[in-house]
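Enquirer: Below is a structure I'd like to ask you about.
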Amino acid sequence: GENVEQHPSTLSVQEGDSAVIKCTYSDSASNYFPWYKQELGKGPQLIIDIRSNVGEKKDQRIAVTLNKTAKHFSLHITETQPEDSAVYFCAAVNRDDKIIFGKGTRLHILP
Amino acid sequence: KAGVTQTPRYLIKTRGQQVTLSCSPISGHRSVSWYQQTPGQGLQFLFEYFSETQRNKGNFPGRFSGRQFSNSRSEMNVSTLELGDSALYLCASSLKRSVSNTEAFFGQGTRLTVV
């Protein structure tokens, strides 16, 4: 079935350094790729998204890249701050509007 | 403006029972989607309702059902509860249907424990 693989499951980076989370999807018909941030005790929040006709998108310290040929996409967070500590989920949406999530990455920002 | 409200926040039920969870969307939002979150399976899409009609459905058994009312509030029901149904159930609301066309705002979830 359709699947989204997300790596790593846990990531620790020094404050100020960059963090990269990678996802691979199986359904080549997927056309929309959102990223969510979930803080403790809260629901996920959309932080950035990218569509299949775009290769890269940036919003301040956050950027997402998409390689359709390889079917993978990545989240890049630069100049990490303590408030970036959370669980991050990637997702892929196919043409039937079904959303499949990755298993999540727990990001720890070390002081 | 008020966010997505889910009630109750916590629930403990016994195997075999049924449960109903409630979701009040952001005012003006007509789409409500439900998700199950577990440590093992992660976040999984259950179903989406828009204008009181189920528009999309994930791969869950028929024990999981839902409905949406004319004021866009939604309920989901799980019958004949199993231990594996223990999870955080999240709902999200959005202005339009289709997760790729509109931002979805999540509630804090209902933590269901089946014993």
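The values are calculated or read from the model by the stated rules, or taken from the named source; none is laboratory data. These figures come from a predicted structure and were not determined experimentally. Here the Cβ is made from the backbone with ideal geometry for all residues, glycine too, and neighbour counts use every protein chain on show.
Enquirer: Any idea which residue in region B:19-40 is farthest from residue B:115 (Cα to Cα), counting only those that are part of a strand (DSSP E or B) and β-branched (Val, Ile, Thr)?
Expert: Our first condition is that a residue be part of a strand (DSSP E or B); within region B:19-40, this holds for B:19-24, B:31-38.
Retained after the next criterion (residues that are β-branched (Val, Ile, Thr)): B:19-20, B:32, B:38.
On the way: B:19: 13, B:20: 16, B:32: 28, B:38: 16 Å.
My answer is B:32.
Enquirer: Going by the conditions given, is residue B:51 away from every other protein chain (no Cβ under 14 Å) and at pLDDT below 95?
Expert: On the way: away from every other protein chain (no Cβ under 14 Å): yes; at pLDDT below 95: yes.
Taking the combined requirement at face value, the residue satisfies it.
Enquirer: Taking residue B:75 as meeting all but one of (1) within 12 Å of chain A (Cβ to nearest Cβ); (2) part of a strand (DSSP E or B), write down the number of the exception.
Expert: So the condition that residue B:75 fails would be (1).
Enquirer: For region B:10-53, which positions are more than 25 Å from residue A:100 (Cα to Cα) and either of a type in the set (Lys, Arg) or buried (at least 19 other Cβ atoms within 10 Å of the Cβ) (or both)?
Expert: B:13, B:15
Enquirer: Give the residue that is farthest from the other protein chains (Cβ to nearest Cβ), with candidates limited to residues of region A:81-91 that are touching a Lys or Arg at 6+ places or on another chain (Cβ under 9 Å) and within 19 Å of residue A:23 (Cβ to Cβ). Talk me through it step by step, then tell me what you get.
Expert: From region A:81-91, those touching a Lys or Arg at 6+ places or on another chain (Cβ under 9 Å) are A:81, A:84-90; that's our starting set.
Still in the running and within 19 Å of residue A:23 (Cβ to Cβ): A:84, A:86-90.
Numbers: A:84: 19, A:86: 13, A:87: 10, A:88: 12, A:89: 6, A:90: 11 Å.
Checked region A:81-91; the qualifying residue farthest from the other protein chains (Cβ to nearest Cβ) is A:84.
Enquirer: Ok, one more. Could you please give the count of residues in region A:92-111 that are within 14 Å of chain B (Cβ to nearest Cβ), within 16 Å of the chain's Cα centre (by Cα), surrounded by 18 or more Cβ atoms within 10 Å (Cβ to Cβ) and at negative phi? Steps first, answer last, please.
Expert: From region A:92-111, those within 14 Å of chain B (Cβ to nearest Cβ) are A:92-106; that's our starting set.
Remaining after also requiring within 16 Å of the chain's Cα centre (by Cα): A:92-93, A:99-106.
Add one more test, that the residue is surrounded by 18 or more Cβ atoms within 10 Å (Cβ to Cβ), and what stays is A:92-93, A:99-105.
From the residues that got through so far, the ones that are at negative phi too are A:92-93, A:99-103, A:105.
Counting residues in region A:92-111 that are within 14 Å of chain B (Cβ to nearest Cβ), within 16 Å of the chain's Cα centre (by Cα), surrounded by 18 or more Cβ atoms within 10 Å (Cβ to Cβ) and at negative phi gives 8.
Enquirer: Looking at B:64, B:69, B:45, B:60, can you tell me which residue is away from chain A (no Cβ under 14 Å) and either touching a helix residue (DSSP H, G or I) at 6+ places or on another chain (Cβ under 6 Å) or under 28 Å from residue A:2 (Cα atoms) (or both)? Write out each step before concluding.
Expert: On the way: B:69 fails: either touching a helix residue (DSSP H, G or I) at 6+ places or on another chain (Cβ under 6 Å) or under 28 Å from residue A:2 (Cα atoms) (or both); B:45 fails: away from chain A (no Cβ under 14 Å); B:60 fails: away from chain A (no Cβ under 14 Å).
Result: B:64 is the single residue among B:64, B:69, B:45, B:60 that is away from chain A (no Cβ under 14 Å) and either touching a helix residue (DSSP H, G or I) at 6+ places or on another chain (Cβ under 6 Å) or under 28 Å from residue A:2 (Cα atoms) (or both).
Enquirer: Further question: Here is a list of conditions, (1) assigned to a strand (DSSP E or B); (2) over 22 Å from residue B:11 (Cα atoms); (3) out of contact with any Gly (no Cβ under 9 Å at 6 or more places or on another chain), and residue B:65 meets all of them except one; can you say which number that is?
Expert: So residue B:65 meets the others, but not (2).
Enquirer: Within the group A:54, A:87, A:64, A:93, which residue is at pLDDT 95 or above and more than 17 Å from residue A:106 (Cβ to Cβ)?
Expert: Matching residue, one of A:54, A:87, A:64, A:93: A:64.
Enquirer: Give me the residue from region B:87-107 that is farther than 12 Å from residue B:33 by Cβ and modelled with pLDDT of 95 or more and, out of that set, farthest from the other protein chains (Cβ to nearest Cβ).
Expert: Checking each candidate, the answer is B:87.
Enquirer: Report yes if residue B:66 is crowded, with 17+ Cβ neighbours inside 10 Å, free of Cβ contacts under 8 Å to residues at least 40 places away in the same chain, in contact with a strand residue (DSSP E or B) (Cβ under 9 Å, 6 or more places away or on another chain) and at positive phi, otherwise no.
Expert: Working: crowded, with 17+ Cβ neighbours inside 10 Å: yes; free of Cβ contacts under 8 Å to residues at least 40 places away in the same chain: yes; in contact with a strand residue (DSSP E or B) (Cβ under 9 Å, 6 or more places away or on another chain): yes; at positive phi: no.
Here the answer is no, as residue B:66 does not meet what is asked.
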